[in-house]
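**Q** Got a structure for you, questions after.
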Amino acid sequence: MDYIDAEVIEPLSDLDILISNSKKKKLIFRIGCLSLIFLWVFLIILYFILPSYRLESIKIDGLSSFSENDVLSLGGYSSRTHILGISNNTFEKNLTNKSDSLILKAKANISPFSSKVSIIEDMPIFNYENKIYFLSLSDKESYIERVKNNLPGERALSVVAKINEDTNDLTNLIDLHLIEKFTSVNKINDEVRKAINPFLGISFDTLKYISSIQYTSYFDTLNVYSLCDALIEYNSFKVVLKSIRYDTILDVFNSPESVKTIINNAKEMSQNEITRNRMSLVDYKFLDEDRIIENVYELHVSVNNHHVRIYID
């Protein structure tokens, strides 16, 4: 009978096991390191290639005369700028802190996860005796000069053309009325500045509901208050908000929604059985001219802890 020699397998020693486990751990570690390196390389490639990592994917709210590229240029960047190279604070300051800034307010929230900027442009809002005033209190001529100083030629011409188009019809602007007629140019400019200044910071989408502003003042034994009457027109419904204190302007005209709420409340009051008898249509007369606005509801406004309430006097 033939015998086959069987191979004898000796059991692994503890040292052999340790060496084997050590090799496995080193292999796993190398694979892990290579995976991380690959992931970083992949992310870097995405950062330099994908448009979502550049400012060309940014969303800007509040645009009227300017394009998104205009705003980026005014802020010192371009659509090719990478998001990780952006400082929100620097961007906001670049837009608003110059003496000839065309952007009055800016709030930037730019990150790899969200790229959004909200702005309030300096734009034509008020008309006083056929002279156009912007939110910054500048007139049309000085505004156009600022545009030419801040934007390249072709874009400057485009913005100027848009402003000329927007101001061709003065009825699109808020009619401004002062306490009385003034003859001194310096006095007119001073009074216009007082009347307009509190509206700085209110968005155009909110201001467009206001048809006219009657600026006035109120004196008591201790204080002098700046007040205004605001004529609001919406779908042929007209209401005058009487004697709005200027320190509450930003609460009353907080947003388009806040103005719509005022209008809807006024409509409800005009139809409600209890209040409609106390709400009569009147002819509203401006202080500085003989023009009358017919069939207007007059209401008063109070503000308490930023809560706005309208009521019948």
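Computed from the coordinates by the stated procedures, all read-outs in this text should not be read as laboratory data. Predicted model, so just to flag it, every value in this text is computed and none were measured. Please note: Cβ atoms are built from the backbone with ideal geometry, for glycine as well, and neighbour counts cover all protein chains shown.
**Q** Taking a threshold of 24 Å on the Cα-Cα distance, which of the pairs 131/194; 131/162; 116/148; 140/242 fall above it?
**A** Over 24 Å Cα-Cα: 116/148; 140/242.
**Q** Follow-up. If you take the Cα atoms of the chain, find Rg, then find the Kirkwood Rh from the mean of 1/r over all pairs, what is Rg/Rh?
**A** So for the chain, dividing Rg by the Kirkwood Rh gives 1.34.
**Q** Now, a different point. Mean residue ellipticity at 222 nm from the helices of the chain, using -39,500 (n - 2.57) per DSSP H segment of n ≥ 4 over the full residue count, to the nearest 500 deg cm²/dmol?
**A** My calculation for the chain gives -11500 deg cm²/dmol from helical runs alone.
**Q** Then there's this: Give me the percent relative contact order of region 102-227, please, defined on Cα pairs under 8 angstrom at least 6 residues apart.
**A** That works out to 22 percent.
**Q** Give the long-range amide H neighbours of residue 211: residues separated by 5 or more places, or on another chain, with amide H under 5 Å away, using H modelled in the peptide plane at 1.01 Å from N.
**A** Those qualifying (amide H under 5 Å, at least 5 residues apart or on another chain) are 231, 232, 233.
**Q** Something else: Please list the non-local residues whose amide H lies under 5 Å from the amide H of residue 105, H modeled 1.01 Å from N, same-chain partners needing a gap of 5 or more.
**A** Here the answer is 120, since their amide H atoms fall under 5 Å of that of residue 105.
**Q** Pick from 201, 85, 76: which is most flexible by mean-square fluctuation in a GNM of the chain where alpha carbon atoms under 10 Å apart are linked?
**A** 85
**Q** Let's test this: bin the Cα-Cα distances of region 173-311 at 5 Å from zero up to the farthest pair and state each bin's percent.
**A** The calculated distribution, bin by bin, is 2, 9, 19, 23, 20, 15, 8, 3, 1, 0, 0.
**Q** Further question: With labels modelled as points extended 7 Å from the Cα through the Cβ direction, what inter-label distance (nm, one decimal) is found for residue 236 paired with residue 130?
**A** 3.1
**Q** Under the definition of Cα pairs under 8 Å and six or more residues apart, what whole-number percent is the relative contact order of the chain?
**A** Relative contact order comes out at 10 percent.
**Q** Using a 7 Å offset from the Cα along the Cα-to-Cβ direction at both residue 273 and residue 243, what is the distance between the two label points in nm, to one decimal?
**A** Distance between label points: 3.2 nm.
**Q** Between residue 100 and residue 309, 0.36 nm times their residue separation minus their Cα-Cα distance comes to what?
**A** 71.4 nm
**Q** Going by how many other beta carbons lie within 10 Å of each one, how would you line up 298, 268, fewest first?
**A** Ascending Cβ contact count within 10 Å gives the list 268, 298.
**Q** Along the Cα→Cβ direction, 7 angstrom out, place labels at residue 197 and residue 25. What is the inter-label distance in nm?
**A** With each label placed 7 Å out from Cα toward Cβ, I get 7.3 nm.
**Q** List 307, 177, 82 from most exposed to least, where exposure is judged by having the fewest other Cβ atoms within 10 Å.
**A** 307, 82, 177
**Q** Also, I was wondering about something else. Mind listing the phi-derived Karplus ³J(HN,Hα) values for region 300-313, rounded to whole Hz, using 6.51, -1.76 and 1.60 with θ = phi - 60°, and x for any glycine or proline?
**A** So the Karplus estimates, Gly and Pro as x, are 10, 10, 10, 10, 9, 6, 6, 8, 9, 10, 9, 8, 8, 5 Hz.
**Q** Relative contact order of region 70-168: what whole-number percent is it, with Cα pairs under 8 angstrom and at least 6 residues apart?
**A** Relative CO of region 70-168 lands at 18 percent.
**Q** Additional query: In which sequence would 33, 228 go, from the one with the fewest C-beta neighbours within 10 Å to the one with the most?
**A** 33, 228
**Q** Counting Lys and Arg as +1 and Asp and Glu as -1, each charge on the Cβ, what is the dipole of the chain about the Cα centre in debye, to the nearest 20?
**A** It comes to approximately 420 debye.
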